[in-house]
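The values are calculated or read from the model by the stated rules, or taken from the named source; none is laboratory data. Please read these numbers as outputs of a predicted model, since none were measured by experiment. With ideal geometry, Cβ positions are generated from the backbone for all residues, glycine too; neighbour counts draw on all protein chains shown.
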Amino acid sequence: MGREHAGPEDVGPEVVVREPAGRSYPGRSYPGREHAAARPSWRCSGCGAPWPCQPAKLALLSEYGTDRLGLLLYLATRMIDAAGELPTSVNVVERFLAWARRK
Ligand SMILES: [Zn+2]
């Protein structure tokens, strides 16, 4: 009758989650801010090129650094917005995502 052991159950080693050092998030000020998408044309409000223009791409790459997944998620969000506003002849996957894929 009764239990022989009333102690706490075995607990595995604690999992430590670290924040990556130097990580930053877009939305405030970043170098390519003037190269923003004008909607619904999806042309750059800074240089008039189809967005994301080259300066915007460079700014995004430096903004996200090694966080390629974060960059792709951001671009996918923009792509979904754009897909509803651009002509169907525009290949939005190619335009928004292809350049950012890991090589
Ligand atoms: Zn631009």
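Select from segment 51-67 the residues that are within 12 Å of the ligand (Cβ to nearest atom) and surrounded by fewer than 15 Cβ atoms within 10 Å (Cβ to Cβ) and write down the one among them that is farthest from Ala37 (Cα to Cα). First the steps, then the outcome.
Initial filter on segment 51-67 (within 12 Å of the ligand (Cβ to nearest atom)): 51-60.
Those still in the list that are surrounded by fewer than 15 Cβ atoms within 10 Å (Cβ to Cβ) too: 54, 58.
Details: Gln54: 12, Leu58: 14 Å.
Within segment 51-67, the match that is farthest from Ala37 (Cα to Cα) is Leu58.
State all residues of segment 61-103 that are in a helix (DSSP H, G or I), among the acidic types (Asp, Glu) and closer than 13 Å to Trp42 by Cα; if no residue qualifies, say none.
Keep residues of segment 61-103 that are in a helix (DSSP H, G or I), which gives 61-64, 68-83, 92-100.
Now restrict to residues that are among the acidic types (Asp, Glu): 63, 81, 94.
Asp81, the sole residue that qualifies.
Of the numbered criteria (1) at positive phi; (2) near the ligand (Cβ under 9 Å from one of its atoms); (3) modelled with pLDDT under 95, the one Gly48 fails is (3). Among the residues of segment 68-88, not a single one is under 18 Å from Glu34 (Cβ atoms) and over 13 Å from the mean Cα position of the chain (by Cα).
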